[in-house]
Every structure is written in C-alpha cells, then in structure tokens.
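A.B. asks: First, the structure itself, so that you have it in front of you.
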Amino acid sequence: MNSLQISLRKSAASWRSQAIHIRLIRLWLGVTWIYAGWDKASDSGFLTQGSPTYIGSQLEGYAAQSPVGSLFNTLIEHAQYVGIFVLLSEFAIGFATLLWIAPTSAALGGFSMSVILWLAGGFYIRPYFFSSDLAYAVLWLSYFLYLTGGRTKVNFSINRRGFMRVGTVGVLAVIASGVGKFFSSSANALSPSSSTNAGKKLIKLSNVPVGGNHSFVLASGEQAILFRTKKGIFAYSKTCTHQGCTVEYSPSNKKLICPCHSANFDPFNGAKVTIGPANAPLPKINVKIQGSWVVLA
Ligand code: FES
C-alpha cells in the first residue's frame, strides 16, 4: 500500500471518529487554506513584479503599516521566494488538515500563518472583528487545542512512514501549484463601473450634510459610497481594486480602508491609494444633484 492510500484510509477513519462540529471546523479550515493557495497559484500577477497583486507590493504595504514592519521590510528583496513559500504552505496545510497527515503540526502552521497575516495587514483594522485573519487564528488555535487534548507537551516527532506521508502533502502542494499556474489569470484592477441606471435617486440632498457620506448599492449589486464636501458631491465603488473585498469608510482617519489586506484609499483625493497592496484608485461613480435629490449621472 503506498503512502497516498495509507493517507486516504487514515483520513477516512479520522473523519468517522470526529464529532460533527469538529468535522465542520476541519473541513472549513482545510478547504479554505487550499483555496487560498489556489487563489495565489492561479493569479499570474502574484509572482510578477509590477502587477497589482505582486507579493512584493503586498510586503511593501505590510512593511509600511504593520507593528512589525521591519520584519516585512527585510523580506521584500526575497519577495518571490516568500510568495512561493506562502502558497506552498497554504496548500500543504490545507491538504494535511483534510487528509489527517501531521494534523497537529498543520494546525500549528495554520495558526502561525494567521497570526503573521493579522500582524501584516489586520492589526489596525477597527473594529477588530473585521479582521478575518484574527478570526482564523482563533479557529486554528481552538482546533490545535482540540487535537492536543489539552496536553501541554505535544509530540511532533515523526517516523519513517509518517515522513513519507508528509512527503505526499508536499507533492500534492507542488502539483496543485502547477495546476493553478495552468489556469492562471490576472486579477488586475477592476474596470470602472458604468452607471447604467442614470437618473436613479440615491438620497435626498438634505439628508447628506456637508462633510457627510452615504453608502448605496448599484443595480449591478456593486456597493458604492458618496461624499458631500464644500466642493460638491462625488462617489466611488466600494470594491477594492486589489482583490475585490468591500472597503469601508473610517471617519477617524478619513480613508476608505479594505478589511482584507488593509489597502487605504483617499476619497478626498480621487480615491487614490495611500497604502497598498492595491495600486489603482477606486472606480469613480458618476453622481449629480437633481432638484432636491442626489442621483446617478
Ligand atoms: S482586497 Fe486586498 S487590499 Fe483590498
């Protein structure tokens, strides 16, 4: 019996022996980590200098805003190796979790990665529960503690057969990365939205004081936000130009902030990027004042 067959048999037995709520957590973590690896492997820009999603740009953003920015600073010149390490690790942790191969080590790896990602881009996200990395850190830690059964001493030693099974995870990670490259597409900046619903009333002008803002949804389902200043009314899509998360306005620092990787956009200066990893401004939405209403132009 080869190591893959052994892994599959052990995996099936482990799934049968676990309670439903643990299976759910394990499935979610394993699948999400594999998806995270796939997302990077299939993004042709992830390892390509100059691309909006280049890992080096993300590291620069982390270096500028993280409380451990100097750590990320030292990694920038090795950005491509860091990127390869991250995507292989994500695949490996995901496969190991689902296949029950060194599950305790995989859970510890998932926890460590989540904490590092939280420090990288989520540390200053307010309120804190918008940071998915922090939530994943708690989930991985809980799963790790479940696996160790509350033991304070955990045995990470590995025998020859175990070594072969860990090797299987490595091979699966490399194969998945190669397949991802085959399906690669560039997650470039989103194209500006066209306001197909011209004339649609958004809000009564009197309900948006000067200095105020108002979030709304376009007919396409895209979220947007308008601002009123002494200079007039203007609006932007809330879809982050990095990887499409929804930005939110932070009144305290007057920026639109992405909860995923903490890109900052200045709505009072063309929604330009002030902190990466995004490097394109948010798409503008054309709005105007018509009578006593703010409408799509
Ligand atoms: S999706 Fe990455 S910063 Fe917004």
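A.B. asks: Could you tell me which residue of the stretch 258-287 is farthest from Ser66 (Cα to Cα), considering only residues that are among the polar types (S, T, N, Q) and at pLDDT 85 or above?
C.D. replies: The selected residue is Asn286.
A.B. asks: Those residues that are out of contact with any His (no Cβ under 6 Å at 6 or more places or on another chain), at pLDDT 90 or above and part of a strand (DSSP E or B), I need them from the stretch 212-231; list them, please.
C.D. replies: Asn213, His214, Ser215, Ala224, Ile225, Phe227, Arg228, Thr229
A.B. asks: When you check Gly244 against the structure, is it closer than 25 Å to Ala36 by Cβ, modelled with pLDDT under 85 and loosely packed, with under 14 Cβ neighbours inside 10 Å, yes or no?
C.D. replies: It is true that Gly244 is closer than 25 Å to Ala36 by Cβ, modelled with pLDDT under 85 and loosely packed, with under 14 Cβ neighbours inside 10 Å.
A.B. asks: Among the listed residues Arg126, Arg161, identify the single one that is charged (D, E, K, R), at pLDDT below 95, in a loop (DSSP other than H, G, I, E, B) and exposed (fewer than 15 other Cβ atoms within 10 Å of the Cβ).
C.D. replies: The match here is Arg126.
For (1) in contact (Cβ under 8 Å) with a residue 40 or more places away in the chain; (2) outside the structural domain of Gly170 (by TED's automatic domain parsing); (3) within 16 Å of the ligand (Cβ to nearest atom); (4) over 27 Å from Trp15 (Cβ atoms), each residue gets a yes or a no:
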| site | (1), (2), (3), (4) |
| --- | --- |
| Thr48 | no, no, no, yes |
| Pro67 | yes, no, no, yes |
| Leu75 | no, no, no, yes |
| Ala102 | yes, no, no, no |
| Phe111 | no, no, no, no |
| Trp118 | no, no, yes, yes |
| Trp140 | yes, no, no, no |
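A.B. asks: Within the stretch 77-97, count every residue that is surrounded by fewer than 16 Cβ atoms within 10 Å (Cβ to Cβ) and either aromatic (Phe, Trp, Tyr) or within 16 Å of the ligand (Cβ to nearest atom) (or both).
C.D. replies: 2
A.B. asks: Let me ask you something else. Would the stretch 251-258 turn up any residue that is assigned to a loop (DSSP other than H, G, I, E, B), among the β-branched types (Val, Ile, Thr) and within 16 Å of the ligand (Cβ to nearest atom)?
C.D. replies: No, the conditions are met nowhere in the stretch 251-258.
A.B. asks: What is the residue count in the stretch 262-278 for residues that are near the ligand (Cβ under 8 Å from one of its atoms) and in contact with a Cys (Cβ under 8 Å, 6 or more places away or on another chain)?
C.D. replies: Residues that pass the stated criteria total 2.
A.B. asks: Okay, next question. Filter the stretch 54-72 down to the residues that are under 17 Å from the mean Cα position of the chain (by Cα) and in a loop (DSSP other than H, G, I, E, B) and list them by number.
C.D. replies: Tyr54, Ser66
A.B. asks: Based on this model, can you work out whether Phe234 counts as more than 16 Å from the ligand (Cβ to nearest atom) and assigned to a strand (DSSP E or B)?
C.D. replies: When the stated conditions are applied, Phe234 passes them.
A.B. asks: Okay, next question. Got a sec? Which of Gly61, Gly83 is touching a strand residue (DSSP E or B) at 6+ places or on another chain (Cβ under 8 Å) and either in contact (Cβ under 8 Å) with a residue 12 or more places away in the chain or more than 26 Å from Gly244 (Cβ to Cβ) (or both)?
C.D. replies: Answer to the selection: Gly61.
The values are calculated or read from the model by the stated rules, or taken from the named source; none is laboratory data. What you see is a predicted model; the values in this text were computed from it and never measured. Heads up, the Cβs are rebuilt from the backbone with ideal geometry, glycines too, and the neighbour counts pull from every protein chain shown.
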